[in-house]
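Notes to accompany the following structure.
What follows is calculated from the coordinates using simple rules that are stated; it is not laboratory data. The structure displayed is predicted, hence computed values, not measured ones. We place every Cβ from the backbone using ideal geometry, glycine too, and count neighbours over all the protein chains shown.
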Amino acid sequence: MAAEVETLKTATKTVLRDIAKHANGLAVGLQNAAPPQEGPPKSVQYLTAIAGELENICRIIDGVPPPNTSDEV
């Protein structure tokens, strides 16, 4: 039973990291294709945030707490 759980964890992390990689790639492509403007477009911010959240989920699956991303100063 434990082996199956570890296999599922590994498979889930692989898929999530693949999605995160694609989200980052799309964000870079959109950033390069967008006309120059102040700050990244909302779609780029969204894709980057999604990739970060997926990486955090992978850390949680590994039992490692995600880094503190609080905006508080």
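Criterion applied to Gly52, Gly25 was being surrounded by 15 or more Cβ atoms within 10 Å (Cβ to Cβ), assigned to a helix (DSSP H, G or I) and out of contact with any Leu (no Cβ under 7 Å at 6 or more places or on another chain), and the one residue passing it is Gly52. Assess whether Val44 counts as being touching a helix residue (DSSP H, G or I) at 6+ places or on another chain (Cβ under 6 Å), in a helix (DSSP H, G or I) and more than 25 Å from Ile61 (Cβ to Cβ). Here the answer is yes, as Val44 does meet what is asked. The residue that is farthest from Leu54 (Cα to Cα), counting only those in segment 5-29 that are free of Cβ contacts under 8 Å to residues at least 24 places away in the same chain and of a type in the set (S, T, N, Q), is Thr7. For Pro36, state whether it is surrounded by 10 or more Cβ atoms within 10 Å (Cβ to Cβ) and not in a helix (DSSP H, G or I). Against the criterion (surrounded by 10 or more Cβ atoms within 10 Å (Cβ to Cβ) and not in a helix (DSSP H, G or I)), Pro36 does not qualify.
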